[in-house]
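The values are calculated or read from the model by the stated rules, or taken from the named source; none is laboratory data. Just so you know, these numbers come straight off a predicted model, no measurement behind them. Here Cβ is always computed from backbone atoms with ideal geometry, including for glycine, and neighbour counts include all displayed protein chains.
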Amino acid sequence: MRGIELVGILVGIYLLYKSFSLIRNKREDVLNFIIWIIVGFSLIIAGLFPQIFSYIMNLLGMERRAYTMFAIGIFTSYILLFWIFSKIKELKEEISELNEEISIKNSIEDNRE
């Protein structure tokens, strides 16, 4: 086992531990928990069975395993970025609605005085 594989396994275990502790303390929602569980298990599996990347490499027609790993990492990052931007948009809309409600409440209170 090479060093990078060991690091991948350790990071995967850390992600699993952290996700379980956050969900147990009710500080993480189920969707985030599922995402990090998938990422954690993927890192552990990739560390334990690095030949999986050879199979994926052949399937994608890539020349080197490192290229395959980077491509998968980049594609995964794009998916996570898209998800994060979607969540940010939802939060902006919620903040806007809250601002409107606060403004209405403040104007009603000002009119009472």
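Restricting the first member to the range 2-26 and to residues that are over 23 Å from Pro50 (Cβ atoms), and the second to residues that are of a type in the set (Val, Ile, Thr), the beta-carbon pairs closer than 8 Å and six or more apart or on different chains are Ser19/Ile37; Ile23/Val30.
Among residues of the range 39-54 that are among the hydroxyl-bearing types (Ser, Thr, Tyr), those with a Cβ under 7 angstrom from a residue that is in a helix (DSSP H, G or I), sequence gap 6+ or separate chain, pair up as Ser54/Arg65. For the range 2-51, a residue qualifies if it is on the phi < 0 side of the Ramachandran plot and outside any helix (DSSP H, G or I), and the qualifying residues are Arg2, Asn25, Arg27, Glu28, Asp29, Phe49, Pro50. Give just the number: which of (1) at pLDDT below 85; (2) not assigned by TED's automatic domain parsing to the domain that holds Ile13 does Tyr78 not satisfy? Tallying (1) at pLDDT below 85; (2) not assigned by TED's automatic domain parsing to the domain that holds Ile13, Tyr78 fails exactly one: (1). Tallying residues that are among the hydroxyl-bearing types (Ser, Thr, Tyr) and surrounded by 11 or more Cβ atoms within 10 Å (Cβ to Cβ) within the range 56-108 yields 3.
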